[in-house]
Amino acid sequence: FSFRKLWAFTGPGFLMSIAYLDPGNIESDLQSGAVAGFKLLWVLMLATIIGLLLQRLAARLGVVTGLHLAEVCNRQYQKVPRIILWLMVELAIIGSDMQEVIGSAIAINLLSVGKIPLWGGVLITIADTFVFLFLDKYGLRKLEALFGFLITIMALTFGYEYITVRPDQGKLLQGLFIPYCKDCGTPQLEQAVGIVGAVIMPHNMYLHSALVKSRQVNRGNKREVQEANKYFFVESCIALFVSFIINIFVVTVFAEAFFKKTNADVYNVCVNTSSPHSSLFPNNNQTLEVDIYKGGAVLGCYFGPAALYIWAIGILAAGQSSTMTGTYSGQFVMEGFLNLRWSRFARVLLTRSIAITPTLFVSIFQDVEHLTGMNDFLNVLMSLQLPFALIPVLTFTSLPSVMHDFANGL
């Protein structure tokens, strides 16, 4: 084992892991903590492990064949199933893009103390994508370093919230390793399903199988292929472990601080601290419901303004980092399925326009409740799209005609 070789292969896994840290994931995390406490941590861990195994298969497909998943689908499937698969993946990419726009817009609104309205934040996110495209011209390695920096920001910001709240470590370990949910009902079950849909992103399989092609591997040499598979898997394990820890930070913060809290509890604390967000919480005894926006407001009421702004910085980093991975996914999917060679500029302009239009209308004519409600709907949409990515991955990696000596027997 060589750390120098591991460093050479490091990059694609961390870019892939961004999908495990997008705003949709963060929203799912905080809601599961507020609704079920520590009880669903084992679901998060299981979903991450399953995600790792699937990402390993996707990466192996790219390394062994020299083709990414969309290209293999194009070669193996007839026209009708190929078009259906392409449409489903495009739908998932657009849904993910909408979540990134929503998260970034909410973060910008919180950081500006409400001076930049939600629709203004949505418009700002149009421009930031093209900034990333500009950076892309300097090479993928530099872009990978930038995303590593953004992941570090998320680890520091959400880690700060974790240290501030100081969750019960015994309950944390119990929630991780005991697959049981005592006194759970429909809301907790919905959150469990939402966690799976938020963690395992369908278009991420296509992305990871393409990103590994950025490293030179002699596919005629079996030993080199085995070595590349090994180092890409080790890198994926490290990247997804980091993303898992960040997700745990968010779940446990809200599980410790806000599980079984009522609106009145939060309202009184916000009024006593003269928070400008106290109007978000009606003075009644209904169980507190939180989202990305309310989550920041609640943290600000309980732990001071610093906690709110640090939370918003973390959400902004999550939204911005996942922007470019969606762009790459769309590029690879379109080129693979349709053999269309669009420029990244044209590709981003099309998908971001489709994603921003409904988000912009909701942000102008509705309130933040509807915007975050749309986020929940999109998490459900992601889980419905999963089979359209998983069936091709599991099928092709088990075919000797595609994978040769590296076919997955299990």
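Starting from 0.36 nm per residue, how many nanometres of slack lie between L349 and R215 once their C-alpha separation is accounted for?
Answer, rounded to one decimal: 45.4 nm.
List the lysines whose Cα sits under 25 Å from the Cα of K222, skipping any in the same chain fewer than 8 residues away.
Of all the lysines, those that pass the test against K222 - Cα under 25 Å, at least 8 places apart if same chain - are K5, K213, K230.
Can you find, among G13, C270, A228, the residue sitting farthest towards the positive end of the charge dipole of the chain, where Lys and Arg contribute +1 and Asp and Glu -1 at Cβ?
A228
Roll a 1.4 Å probe over the protein heavy atoms and report the accessible area of L280 in Å², nearest 10.
40
What is the distance, in nm, between label points placed 7 Å from the Cα along the Cα-to-Cβ direction at T186 and at N339?
Spacing of the two 7 Å Cα→Cβ label points: 5.1 nm.
Provide the FRET efficiency to the nearest 0.05 for the K230-I124 pair, computing r from the beta carbons and using R0 = 60 Å. List each step's numbers first, then the result.
On the way: r = 42 Å, r/R0 = 0.70.
Efficiency for this residue pair is about 0.90.
Of all the accessible heavy-atom surface of the range 148-284, with the other protein chains kept in place and a 1.4 Å probe, what percent is carbon and sulfur? Intermediate results must be reported in sequence, preceding the final value.
On the way: 3730 of 6390 Å².
Result for the range 148-284: 58 percent of the exposed heavy-atom area is carbon or sulfur.
What FRET efficiency would be calculated for the residue pair L176, V271, taking the C-beta separation as r and a Förster radius of 45 Å, to the nearest 0.05?
Details: r = 36 Å, r/R0 = 0.80.
The pair L176/V271 has a calculated efficiency of 0.80.
Once you measure Cβ to Cβ distances between cysteines in the chain, which Cys have no partner under 4.7 Å?
C73, C237
On the principal axes of its Cα set, how long, how wide and how thick is the range 215-368? Give whole Å, largest value first.
The principal-axis extents, from largest down, are 69, 37, 25 Å.
Determine the order of E190, E256 by accessible area, beginning with the largest, at a probe radius of 1.4 Å. Can you show the working numbers first?
On the way: E190 120, E256 75 Å².
The residues order as E190, E256, largest area first.
Using the Cα centre of the chain as origin and beta-carbon charges of +1 (Lys, Arg) and -1 (Asp, Glu), tell me which of Q76, S353, M374 is placed farthest towards the positive end of the dipole.
After comparing all options, I get Q76.
What percent of all Cα-Cα pairs in the range 155-196 falls in each 10 Å bin, counting up from 0?
Result returned by the calculation: 22, 39, 36, 3.
Check which residues have an amide H placed less than 5 Å from T262's amide H, if you skip close sequence neighbours.
Under 5 Å from the amide H of T262 lie the amide H atoms of L288, each far enough along the sequence or on another chain.
Ignoring everything except DSSP H segments at least 4 long, calculate the 222 nm mean residue ellipticity for the chain; use -39,500 (n - 2.57) per segment, divide by total residues, nearest 500.
Values: 18 runs with 319 residues, N = 410.
Roughly -26500 deg cm²/dmol at 222 nm, from the helical runs in the chain.
Taking K171 as the anchor, which lysines have their alpha carbon closer than 18 Å to its alpha carbon, excluding any fewer than eight residues away along the same chain?
Those lysines meeting the cut-off are K39, K182, K260, K261.
Ratio of the range 107-258's C-alpha Rg to 2.2 N^0.38 Å, to two decimals? Write out the running numbers ahead of the final one.
Values: Rg = 20.0 Å, N = 152, 2.2 N^0.38 = 14.8 Å.
Taking N as the residue count of the range 107-258, the ratio is 1.35.
What whole-number value in Å² describes the accessible area per residue of the chain for a 1.4 Å probe? Could you put the intermediate results ahead of the total?
Values: 17170 Å² over 410 residues.
Using a 1.4 Å probe on heavy atoms only, each residue of the chain averages 42 Å².
Using only the Cα atoms of the range 3-406, what semi-axes does the equivalent ellipsoid have when each is the square root of 5 times a gyration tensor eigenvalue? Give whole Å, largest first.
They are 36, 23, 19 Å, listed from largest to smallest.
The values are calculated or read from the model by the stated rules, or taken from the named source; none is laboratory data. The structure displayed is predicted, hence computed values, not measured ones. Using ideal geometry, Cβ is built from the backbone for each residue, glycine included, and neighbour counts are taken over all protein chains shown. Protein only, heavy atoms only, side chains kept; ligands, DNA and RNA dropped before computing areas. Shrake-Rupley method; radii C 1.70, N 1.55, O 1.52, S 1.80 Å.
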